[in-house]
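K.L.:
One structure follows; several queries about it will come next.
Values quoted throughout were computed directly from the atomic coordinates according to the rules given, and no laboratory measurement underlies them. Values in this document were obtained by computation on a predicted structure and should not be read as measured data. Please note: Cβ atoms are built from the backbone with ideal geometry, for glycine as well, and neighbour counts cover all protein chains shown.
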Amino acid sequence: MNKTRSKLQNIAVNLRARAAIIEALRRHFRDQGFLEVETPSRLPFPAPERHIDLEPSGDWFLMASPELQMKRLVAAGFDKVFQLCRCFRAGEQGARHQPEFTMLEWYRQGADLDGLMSDCEQLVSACAAAVGQRDSLKYQAARIDLRTPWPRLEVRDAFERFASWRPGAHPDPDRFDLDMVDKVEPNLPVDRPVFLFHYPAAMASLARLHPGDPAVAERVELYIGGLELGNGFVELVDASEQRTRFLEETAYRKKLGKPSWPLDEKFLAALENGLPPCAGLALGVDRLVMLLCDAATIDEVIAFPVSEL
């Protein structure tokens, strides 16, 4: 028996669970009236983000996220859309990362942060039920209570509690990232899912600033069992402000010695023509399957990780 066949047999249960979870994802969104869409995997002008490095594909790039194209669809009049797609990021490989991975993204008009968090609760609960998990599940020796509503924690409160400082609108990015990884994330509860929300204004280049507190952006991340599963925004719809933020991200990349590229003018034109108030969230499907299968590594829930190619 060759190595690949043996490996696939060992993860057969997880691969069957993965199929059931993806079926549940689609069923959930269709039942909610969402349209499933597809956008290109190769792009000439990705969104400039300081910590995301891209895989070239000829003179273009493999998609790191379908966000800009999906928001163009919302701007064109599609009020509720979702997509399951393959995304690519250079240099991301480890127990929770693969350079090619499966992403779920959805957007809907009129949604706010509370709506996004409610979407997550309903979606994860539906997927858990599809594999026989309901009010709770076990992940890596921890019993996780899935009963809703899930706890919500403001980012500045989390930093004050776990890192002993309270970030403002423009914290030092290196200090913020380091303390998030070393102090905040390890201390989040593992017996309950938790939403971190209201990130510093400088930490969300595509999110709207909070109307009542411009020091924070309307961004939320979902953590379950120590896994970062989802990242969502109330979307920035101001084209001029978005251009400014893209240029700031591009300048930061250049400061770090990273490559940059021209701005996506068609996306900015869609904002100028009118993107209605909306919100969207990206969720890592492979990590969701890890959680629901009690898998310690991402390699255990995909048929062909890089190590098998």
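K.L.:
Go through the range 74-93 and count every residue that is of a type in the set (A, V, I, L, M, F, W, C) and out of contact with any Pro (no Cβ under 8 Å at 6 or more places or on another chain).
P.N.:
5
K.L.:
Also, I was wondering about something else. Inside the range 256-280, can you point out the residues that are part of a loop (DSSP other than H, G, I, E, B) and polar (S, T, N, Q)?
P.N.:
Matches in the range 256-280: 260 only.
K.L.:
Let me ask you something else. For the range 26-57, which positions are of a type in the set (Asp, Glu) and in contact with a Leu (Cβ under 6 Å, 6 or more places away or on another chain)?
P.N.:
Listed by number, the list holds a single entry, 55.
K.L.:
Looking only at the range 156-194, filter to residues that are outside any helix (DSSP H, G or I) and in contact with an Asp or Glu (Cβ under 7 Å, 6 or more places away or on another chain); which one of those is surrounded by the fewest Cβ atoms within 10 Å (Cβ to Cβ)?
P.N.:
191
K.L.:
Do you know which residues across the range 17-37 are in contact (Cβ under 8 Å) with a residue 60 or more places away in the chain, under 14 Å from residue 120 (Cα atoms), touching a strand residue (DSSP E or B) at 6+ places or on another chain (Cβ under 8 Å) and of a type outside the set (Phe, Trp, Tyr)?
P.N.:
Hit for the range 17-37 is 25, nothing else.
K.L.:
Related question: Can you tell me which residue among 93, 109, 122 is among the polar types (S, T, N, Q) and within 25 Å of residue 179 (Cα to Cα)?
P.N.:
Step by step, each of 93, 109, 122 is checked, and only 93 is among the polar types (S, T, N, Q) and within 25 Å of residue 179 (Cα to Cα).
K.L.:
Among the numbered criteria (1) assigned to a helix (DSSP H, G or I); (2) touching a residue at least 60 places away in the same chain (Cβ under 8 Å); (3) in contact with a Phe, Trp or Tyr (Cβ under 9 Å, 6 or more places away or on another chain), which single criterion is violated by residue 14?
P.N.:
Failed condition: (3).
K.L.:
Right, something else. Tell me, yes or no, whether the range 203-211 has at least one residue that is outside any helix (DSSP H, G or I), touching a strand residue (DSSP E or B) at 6+ places or on another chain (Cβ under 7 Å) and small (Gly, Ala, Ser).
P.N.:
Yes - at least one qualifying residue is present in the range 203-211.
Table: residues versus (1) surrounded by fewer than 14 Cβ atoms within 10 Å (Cβ to Cβ); (2) in contact with a strand residue (DSSP E or B) (Cβ under 9 Å, 6 or more places away or on another chain).
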| position | (1), (2) |
| --- | --- |
| 236 | no, yes |
| 240 | yes, no |
| 253 | no, no |
| 256 | yes, no |
| 264 | no, yes |
| 286 | no, yes |
| 307 | yes, no |
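K.L.:
On the given criteria, is residue 281 buried (at least 16 other Cβ atoms within 10 Å of the Cβ), among the hydrophobic types (A, V, I, L, M, F, W, C) and in contact with a Gly (Cβ under 8 Å, 6 or more places away or on another chain)?
P.N.:
yes
K.L.:
Can you name the condition, by its number, that residue 247 falls short on among (1) closer than 24 Å to residue 100 by Cα; (2) assigned to a helix (DSSP H, G or I)?
P.N.:
Tallying (1) closer than 24 Å to residue 100 by Cα; (2) assigned to a helix (DSSP H, G or I), residue 247 fails exactly one: (1).
K.L.:
With respect to residue 208, determine if the residue is of a type in the set (D, E, K, R), surrounded by 14 or more Cβ atoms within 10 Å (Cβ to Cβ), touching a helix residue (DSSP H, G or I) at 6+ places or on another chain (Cβ under 7 Å) and over 30 Å from residue 292 (Cα atoms).
P.N.:
no
K.L.:
Working only within the range 231-257, note down all residues that are more than 22 Å from residue 75 (Cβ to Cβ) and over 22 Å from the mean Cα position of the chain (by Cα).
P.N.:
Passing the criteria: 251, 254, 255, 256, 257.
K.L.:
Please specify each residue of the range 229-246 satisfying the condition of being of a type in the set (A, V, I, L, M) and either touching a His at 6+ places or on another chain (Cβ under 9 Å) or under 13 Å from residue 204 (Cα atoms) (or both).
P.N.:
Result: 234, 236.
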